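The values are calculated or read from the model by the stated rules, or taken from the named source; none is laboratory data. Quantities reported herein were computed from a predicted structural model and do not represent experimental measurements. To get the accessible areas, we keep the full protein, side chains included, count just its heavy atoms, and leave off ligands, DNA and RNA. Shrake-Rupley method; radii C 1.70, N 1.55, O 1.52, S 1.80 Å.
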Amino acid sequence: MPKDGSATSLDGQGKPMWLLLELTYRCPLKCVWCNNPLDFEKYGTRELNTEEWKRVLHEGRELGALQLGFSGGEPMLRDDLEELVEEAERLGYYTNLITSGVGLTQERLKALKKAGLKQIQLSLQSANGSLTDELCGARAHDLKVKVARLIKAEGFPMVLNVPICRQNIDQAEKILALAEDIGVDFLEFANIQYYNWALLNRAELLPTRAQIARAEAAVAAARERVGKRMTIYFVVPDYYASRPKACMNGWGTIHLTIAPDGAALPCQEVRVIKGLEFPSVREHSLDWLWNDSPLFKKFRGDDWMQEPCRTCDEKEKDFGGCRCQAFLLTGDASNTDPACAKSPHHYVIEMAVNKNARHKHHELQPLVRRQPGAVTTAFME
């Protein structure tokens, strides 16, 4: 592990291997766990244009980026998506579309295929239409299932991403059956990670330990049944693990996100950390942003670490955990992620889990939907 506090680890040989373009924060859905900022609407008029995105693509390849994700909001709302995919294909990226499915017609699927798109990740909230529609705040379930079948009909490898929460986790077996019927290649049971809108709704969304255990058992049984026909991932929430997840495989090590307004970010959530400056591709080259900007140097290496991370023999595995979660739950991004049992702030996680265990269904509060003006300025500060 580098000791100078700025160099990247050797995982990606110092290169941003994974480049994620958040083309827009606009989205027709109102998902209650959206990872977009709580004040997402203020960025709506500042989106990069087509030529600016193309420059990002070129500079990303020059830096060594190989894998490219088109995300949002909903990337299908960008009329230039096919043009950007075509340019990415010409440059040699492996491209992945991350979408809710809204706006993904058969015609656009064919156009994206022709442009060179390699893979599609589609989100689905449950196996039950009314619950899907409730969780994403729109009548979308039937459309999503239809789009899933169209994706397979067009020959795309498909990841079905199911954000798991208290409301849908007990549908694990039904979701597995639906995915198998569609012919999904990869199924990701992604227990929600609690940032932005998900953190706002955490008390209502966090599953119980018993629910997670039942879902894991259902996944294990399905893996035995389907064999190699479908790869199934089960991502356990940090709140029920004794060690934190590695922060994007290391802060500024292999991952680079470009937000709709051009801000270059070490991860999608980093804008939650107050006091940081987020320089833009409009003012700087990707080379400078990745290699020299104070933001990307901030938590590289281990000079920034406090105890117990500084002397922990696991720091090269988890890099002290998530900087955003450390800030959100302790007020200091340089603290050990409270998800770690070694953290002096681990009690914050334990309190949330214990409170969750006592929650009765009738005590749950209404979910706050992702929509403009839903959260006050005072809360965000």
Where is the GNM fluctuation largest for the chain (alpha-carbon springs, 10 angstrom cutoff): 283, 74, 216? 283
Over segment 124-272, what is the mean sequence separation of C-alpha contacts under 8 Å (at least six apart), divided by residue count, expressed as relative contact order in percent? 20 percent
Considering only DSSP beta bridges with both partners in the chain, what is the antiparallel share in %, to the nearest 5? 10 percent
Pop out the carbon and sulfur fraction of the accessible area of segment 99-162 as a percent, whole number, probe 1.4 Å. 52 percent
Give the cross-link partners of residue 30 among the lysines, using a straight C-alpha distance below 18 Å as the criterion and excluding same-chain residues fewer than 8 apart. 42, 144
For segment 231-381, the per residue accessible area (1.4 Å probe, Å²) is 46 Å²
Considering the alpha-carbon set of segment 231-278 alone, what are its Rg and its Dmax in angstrom? 13.5, 41
Calculated over the chain: convex hull of Cα atoms, volume per residue (Å³): 136 Å³
Would you calculate a helix-derived [θ] at 222 nm for the chain, using -39,500 (n - 2.57) for each DSSP H run of n ≥ 4 and dividing by the full residue count, to the nearest 500? -10000 deg cm²/dmol
Excluding residues fewer than 8 positions from residue 228 in its own chain, the lysines with Cα under 20 Å of it are 152, 174
Can you pull the percent of segment 257-369's accessible area that's carbon plus sulfur, 1.4 Å probe, other chains left in place? 49 percent
With a probe of 1.4 Å, find how much accessible area segment 101-230 has per residue, and write the answer as a whole number in Å². 41 Å²
Relative contact order (%) - criterion: Cα under 8 Å, at least six apart; region: the chain: 22 percent
